[in-house]
Amino acid sequence: MKKALKIISIGLISLIFLLLITYIFFQIKWNLESSNNLSKLGPEAPIITINDKSFRDLNKNGKLDVYEDSTKKIDERIDDLISQMTIDEKAGSMFITVIGINEDGSLSESPTFSNIFSFLFPSSSKMIVNQKMNHFNIMATHKKENMLKWYNNIQKIGEKSRLGIPITIASDPRHGVSKSPVSSNTSFFSKWPSALGLGAIGDSSIVREHANIVRQEYSAIGIKLALGPMADVSTEPRWIRVNGTFGEDANLNAILTSAYIKGLQGDSLDVNSVASMVKHFPGSGPVDDGKDTHFPPGLQSYKGGNFEYHLIPFKAAFDANVSSVMPYYSLPLGITSEDVGGSYNKEIITGLLRERYNFDGVICTDWKTITDVKLPFGIIFKPASAFGVENLTIKERLLKKLSAGIDMIGGETLSIELSELIKENKVSEDRIDKSLRRILRQKFKLGLFDNPYIDEESLKIFNNTQNIEKGIEAQKKSLILLKNEDNFLPLKNKKKIHYYGFENNFMKKIKQESVENSDLIIMKLKSPKGRFETKYIMEKLFGGGPLDFSSKELSKLIPLIKSKPTIVIINLERPAIIKEISEVAKAVIADFNSDNKIIMDLIKGKFNPSGKLPIELPSSMEAVKNQIEDIPYDSKEPLFKFGHGLSYE
């Protein structure tokens, strides 16, 4: 026995030693690569002063070029810059992908275990210096001072590049109350309900005000491109991304989409704007059987012949002068003559977007539509969403996207491959320049060429109590009273309460009674996440599918609810099936990520509930399966209809 333990101990020590040596080897390798990349950069841009006006000499040639001259028209500046760009620089400008942020605000030059995503993407210097990229999206959240420090650091790298092209930083939504490992929560931002919660409010003035505050807070840390709003109409309740939409009514979504874009951009794009990238054209709500098209088979279903309905919010986005559009992964069944995914589909991109709607902004693909996301040892974390073109090579996929009319490619770092295609005359430089003009126009309008840097004074916006209060008010307005049997709410007297399903940080602040000693139960539930059978790791994490609670869950919940008068709070990330729960609860409240204190204030009657359902809540999974993916509010005998919402008055 002792001998066996000794062998095991020696084996473990040897393994740890081997892993340590391997890590040290790769750390040295990464550091050498970083030093080599950064050594290729030039000096900072000198300042040229003419008639008391200062300009940045971005290409460091000692004279004021047209593209450096803020007094010139933007089109003149674009033409001058394009004339000076190499093929490699042009190709690099057509890609956007995730970039890491170290916790201390330094550049992410090597993978770290504290940020698992850093193992999936190249180092910052490799992407900027070697691959000539100048668009990135961030997912990390750190202290505001360090995020601003990182932003200015990354702009300094851009400034030291040959032409000094500034970096555009993008982000998915960050103003949620709930935390996620991606970016739905940034601690120092004001806190708002989810997009579905904004749909429950249904007030365009509140949505525009929200987006205006998003603009201010994004700008303060250097985010100048918002990957949103989602203008999708969530007519398929099983879809995992319902909570990112404004709901299932296209006309309401159109009004709120327009308001959101105007809040971000103003009436037109300028230096004070955050550019908006509306998504996911032509509307990703009707996914086949609710299966999100990040993953195979990637089908969009129009069994109800309702394709035009899903375009309504996008028409509103174009009327609001949205600057960018993101098509989705989906292959739209029966809509176009060629069965290929959205960003490969010429009839969708050129025929519909460019020609029918006359959209002349940037069209950027969703992330990872060409290559797989792979973990170490070749494990596929997420397959490429290359639906209909699975048999094409990487270069052939690039060519097909360009032929379809795409300007920018998300989640990829294939600038070298694109450069090769141009040099091989597989795609003309004129075609690349056409997209480049749209991309650069956005950078110039945002003022990034003239001054991309941000002073620490900008961080004062996060102390703006009015913005914080507006977020709290929106959380209140989003809450929906679905059921209130015998006017059980608001609670009129002090009660002994047993809390169930609440987060630990909330439970530490309240007095918890046992079920036996309590007068009532307040139960907080999340919408069932569901799972699809799949071999892909990311799809297992993503979730989707069934909306009902399992029999095992119900066998635990129903007896508890029956034991005492119970108030149920259901967090509606998707249209949960809560018929059995609602039948035995005294009151039911729908929540869209409001803070627990705000929910308790509603229960105590400190304000009147006013939210209305932006989706219907189905009565059974059978009804869900029988509804049609592209038709709104069509499930049989829904438990609560679209627009339902009670009040105390």
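Bear in mind that the values in this text are calculations on the coordinates, not laboratory data. Only a predicted model underlies this, so the values are computations on that prediction, with no experimental measurement involved. All Cβ positions, even for glycine, are placed from backbone atoms using ideal geometry, and neighbour counts span all protein chains on display.
The table that follows gives values for the structure above.
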read-out	value
Segment 508-649 - convex hull of the alpha-carbon atoms, volume per residue in Å³	150
Efficiency of FRET from Cβ geometry, Asn463 and Ser106, R₀ 22 Å, rounded to 0.05	0.30
Sparse-neighbourhood loop sites, chymotrypsin sites (Phe, Trp or Tyr not before Pro) in segment 11-90 - DSSP loop, at most 15 other Cβ within 10 angstrom	none
Around Arg356: net Lys/Arg minus Asp/Glu count, Cβ-Cβ under 14 Å	-2
Taking His175, His210 and counting other C-beta atoms within 10 Å, the order from fewest to most	His175, His210
Nonlocal amide H pairs with Asp630, under 5 Å, H built at 1.01 Å	Lys303, Gly304
DSSP-loop chymotrypsin sites (Phe, Trp or Tyr not before Pro) across segment 435-523, with at most 15 other Cβ within 10 angstrom	Tyr453
Fewest-first sequence of Lys144, Lys508 by Cβ atoms within 10 Å of each Cβ	Lys508, Lys144
Degrees between helix 551-563 axis and first principal axis of the chain (Cα, 0 to 90, nearest 10)	50
Net charge, Asn321 excluded, C-beta distance under 15 Å - Lys, Arg +1, Asp, Glu -1	+3
Additional length obtainable on full extension of the chain from Asp52 to Lys529, 0.36 nm per residue less Cα span	165.6 nm
The chain, dipole about Cα centre (Lys/Arg Cβ +1, Asp/Glu Cβ -1), debye to the nearest 20	2060
Electrostatic dipole magnitude of segment 475-626 [Cβ: Lys, Arg +1; Asp, Glu -1; Cα centre; debye, to 20]	540
Amide H contacts under 5 Å for Ile589, placed H, 5+ residues apart	Leu482, Val568, Ile569, Ile570
Label-to-label distance, nm, for residues given as Ser187 and Leu399 (7 Å Cα→Cβ offset)	5.1
Gyration tensor (Cα) of segment 573-627, equivalent ellipsoid semi-axes in angstrom	26, 13, 9
Vicinal HN-Hα couplings computed from phi for segment 305-311 (Karplus, 6.51 cos²θ - 1.76 cosθ + 1.60; Hz; Gly/Pro x)	x, 10, 4, 5, 4, 6, 7
Amide N proximity, segment 273-299 versus Leu392 label position 7 Å along Cα-to-Cβ, cut-off under 20 Å	281-283, 293-299
Table column - 3J(HN,Hα) (Hz), segment 401-414, Karplus curve with 6.51, -1.76, 1.60, x for Gly and Pro	4, 5, 5, 5, x, 6, 9, 9, 10, x, x, 10, 10, 10
Asp289-Val66 FRET efficiency (beta carbon distance; Förster radius 56 Å; 0.05 resolution)	0.55
Approximate spin-label separation Glu456-Asp270, in nm, with each point projected 7 Å along Cα-to-Cβ	3.1
Around Thr168: net Lys/Arg minus Asp/Glu count, Cβ-Cβ under 9 Å	+2
Cα gyration tensor shape for segment 452-590, rounded if a/c is under 1.5, else prolate or oblate	oblate
Debye log10 I(q)/I(0) at q = 0.09 Å⁻¹ for the chain, Cα point scatterers	-0.79
Rough spin-label spacing in nm, given labels placed 7 Å along Cα→Cβ, for Ser555 and Ile10	5.1
Most to least packed among 278-287, 155-164 [average Cβ atoms within 10 Å]	278-287, 155-164
Cα gyration tensor category, rounded, prolate or oblate, for segment 340-453 with a/c compared to 1.5	prolate
Unsatisfied cross-links (Cα-Cα over 20 Å) in the set Lys476/Lys604; Lys470/Lys511; Lys400/Lys423; Lys126/Lys382; Lys556/Lys636; Lys156/Lys374	Lys470/Lys511; Lys126/Lys382; Lys556/Lys636; Lys156/Lys374
Extreme residue, positive dipole direction of the chain, given options Phe188, Leu646, Leu353 (C-beta unit charges)	Phe188
Relative packing of 89-98, 130-139, which averages over residues the other C-beta atoms within 10 Å, highest first	89-98, 130-139
Normalised contact order of segment 475-626, rounded percent, pairs of Cα under 8 Å and 6 or more residues apart	35
Rounded to whole Hz, the Karplus (6.51, -1.76, 1.60) HN-Hα couplings of segment 15-24, x for glycine and proline	5, 4, 4, 5, 5, 5, 4, 4, 5, 4
